[in-house]
Amino acid sequence: MWRNTIMAGYDIRILKGLLDSYERSLLSQGKNKVNVHISFPFTRKNLPEYFNESSLAYEKIHGSVRVLEEQELVTAVWKNGKEGHIIEKVLLNDKNVAEAYAYLNRKPRREYVRENLELLEEAKERYQTPILQGFLAYLQERLIEGKSVKEFIDIEKPDKTRKILKAVGELENNREDCYIREFSIRHFGNSKTLKSMLGVVRKILQRFGEGFEDMDDCGILAEYSVYHTPDYVYIKGMGELIFGEDLSTVVNLTWLKQGIGLSGEDIGRVRILENSKIKKILTIENLTTFFRWKEKDSLMIYLGGYHNSVRRKLLELLHQSFPEAEYLHFGDIDVGGFEIYRDLCRKTGIPFKTYHMGIEELEKYKSCTQKLTEGDCKRLEVLIRKMESEGGDTRVLQYMKEKGRKLEQEGIEQT
């Protein structure tokens, strides 16, 4: 009781710092080749209140250290050897490390590592999905080598780690359209669990997956048919829509100036009559441009940045019905726009061409261009290397790099 109320937790704070240092050292792994002492230096950074002359902490800290010394857990090193004056540092008694862990009611890191490695093996057998398998291999390697994994998981919270691994594995396995709360309650028994983990789940998918770099939570979940709200695809222009096989349901898109929105659930029931005189199928990155743009003999689709499984399903159906049409993508003339274009071609397998995304537009609308940021330049270098390795055309990207400029598609006028 006296220790808890008077010491203000300084004994716990000091001992925790010592054990943290111990676990980062070779001493905890039995690999040290020289005599090493684990210490907690008394500095203004580690213990600022100790140096505050107006604080009462000075005596409380000395009392805390005496408690730890009486337990033979630490040894105080006094400045200039003057005991009772100023503590220079506190040394961990490596012969009583087990007792130090018991004092804090804490398990040694190696025990947490063992538990986590077992947990990873369980997940490895249960989920044969590429992203999770890559993530598990990464964690396993780092844990075995004694390296930190706190960027993604807390090894002292295996239950939370188990949920994170399950979230990634179940997302990769998901084949059914559903909402995030439905997915969460189905797999975790709580409608809010997945949402609480989205930050780390997104980070894992972006680091160990491909094509998610610039997607937000909604975009990434949509790739796995999980939605926050109903997902709609907006289309307009040329074409006759039919629902199922009922010809009485035909809707001529030319009647609708701003087009129509189709929910993801309806995409599979909708088709465009093959006798529609569609010569071009044009995907448009931004909504403002989609609404104002007009293109003769064309079916236009609002992409909303990166396409997802719903839009991909529609594009694949269209390509089956109109294999001879010209497939075009109109996006921003910046790194993101070309990353979206590359992702679109790669994931749909459709030979899209860029539209109004060339050097001509950068020169014509020079007054509307913006300077590339430092982040843009780094991403541009990466994208150029990727496209060159794939045999892609990088002339526009090289021009952007040379001039240091980019252009949003809203700056392009329709002629």
Practice prompt. Sort out for me the helices (runs of 4 or more DSSP H) sitting completely within the range 353-415 that have 2 or more residues that are farther than 15 Å from residue 337 by Cα and within 29 Å of the chain's Cα centre (by Cα).
Written response: 374-389
Worksheet item: Quick one: would you say residue 210 is exposed (fewer than 14 other Cβ atoms within 10 Å of the Cβ) and of a type in the set (Asp, Glu)?
Response: yes
Response to the item:
The helices (runs of 4 or more DSSP H) lying entirely within the range 147-236 that contain at least 2 residues which are among the polar types (S, T, N, Q) are 158-173, 193-208
Practice prompt. Return yes when residue 156 is farther than 28 Å from residue 304 by Cβ, at pLDDT below 95 and assigned by TED's automatic domain parsing to the domain that holds residue 120 and no when it is not.
Written response: yes
Worksheet item: Just to be sure, is residue 265 assigned to a loop (DSSP other than H, G, I, E, B), assigned by TED's automatic domain parsing to the domain that holds residue 341 and not small (Gly, Ala, Ser)?
Response: no
Worksheet entry | Odd one out for residue 344 among (1) outside any helix (DSSP H, G or I); (2) aliphatic (A, V, I, L, M); (3) in contact (Cβ under 8 Å) with a residue 40 or more places away in the chain | (1)
Worksheet item: In the range 123-148, which residues are without any contact (Cβ under 8 Å) to a residue 24 or more places away in the chain and surrounded by 13 or more Cβ atoms within 10 Å (Cβ to Cβ)?
Response: 124, 133, 137, 139, 140, 142
Worksheet item: Just checking, how many residues over the range 325-339 are closer than 21 Å to residue 236 by Cβ and surrounded by fewer than 22 Cβ atoms within 10 Å (Cβ to Cβ)?
Response: 4
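Rundown of residues vs (1) surrounded by fewer than 19 Cβ atoms within 10 Å (Cβ to Cβ); (2) in contact with a Phe, Trp or Tyr (Cβ under 9 Å, 6 or more places away or on another chain); (3) polar (S, T, N, Q); (4) not in a helix (DSSP H, G or I), yes/no style:
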{"position": "242", "(1), (2), (3), (4)": "yes, no, no, yes"}
{"position": "245", "(1), (2), (3), (4)": "yes, no, no, yes"}
{"position": "248", "(1), (2), (3), (4)": "yes, no, yes, no"}
{"position": "258", "(1), (2), (3), (4)": "yes, yes, yes, yes"}
{"position": "261", "(1), (2), (3), (4)": "yes, yes, no, yes"}
{"position": "275", "(1), (2), (3), (4)": "yes, no, yes, yes"}
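Applying the selection to the range 59-82, what residues are in a helix (DSSP H, G or I) and either basic (Lys, Arg) or exposed (fewer than 15 other Cβ atoms within 10 Å of the Cβ) (or both)? It would help to see each step written out before you state the result.
Step one: list which residues in the range 59-82 are in a helix (DSSP H, G or I), which gives 59-70, 79-81.
Within the range 59-82, 59, 60, 66, 69, 70, 79, 80, 81 qualify.
Identify, please: which residue in the range 259-299 is of a type in the set (Ser, Thr, Tyr) and at pLDDT below 90 and is, among those, nearest to residue 228 (Cα to Cα)? Let's see the steps before the verdict.
Of all residues in the range 259-299, those of a type in the set (Ser, Thr, Tyr) come to 263, 276, 283, 288-289, 298.
Next, from what is left, pick out any that are at pLDDT below 90: 263, 276.
Working: 263: 13, 276: 34 Å.
Of everything passing the filter in the range 259-299, 263 is nearest to residue 228 (Cα to Cα).
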Worksheet item: Out of the residues in the range 4-28 that are loosely packed, with under 13 Cβ neighbours inside 10 Å and modelled with pLDDT under 70, which is farthest from residue 146 (Cα to Cα)?
Response: 5
Worksheet item: Going by the structure shown, is residue 288 in a loop (DSSP other than H, G, I, E, B) and either over 22 Å from residue 326 (Cα atoms) or not assigned by TED's automatic domain parsing to the domain that holds residue 317 (or both)?
Response: no
Practice prompt. Please specify each residue of the range 358-412 satisfying the condition of being without any contact (Cβ under 8 Å) to a residue 40 or more places away in the chain and either under 30 Å from residue 296 (Cα atoms) or in contact with a Phe, Trp or Tyr (Cβ under 7 Å, 6 or more places away or on another chain) (or both).
Written response: 358, 360, 363, 364, 366, 367, 393, 394, 395
Item to complete: Would you check if residue 269 is charged (D, E, K, R), without any contact (Cβ under 8 Å) to a residue 40 or more places away in the chain and farther than 12 Å from residue 235 by Cβ?
Response: yes
Worksheet item: What are the residue pairs meeting all of these: first residue in the range 64-79, first residue in the same structural domain as residue 97 (by TED's automatic domain parsing) and free of Cβ contacts under 8 Å to residues at least 24 places away in the same chain, second residue of a type in the set (A, V, I, L, M, F, W, C) and in a helix (DSSP H, G or I), Cβ atoms under 8 Å, and 6 or more apart or on different chains?
Response: 76/65
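The values are calculated or read from the model by the stated rules, or taken from the named source; none is laboratory data. No experiment lies behind these values; they were computed from the predicted model shown. FYI the Cβ positions are ideal-geometry reconstructions off the backbone, even for glycines, and counts take in every protein chain you see.
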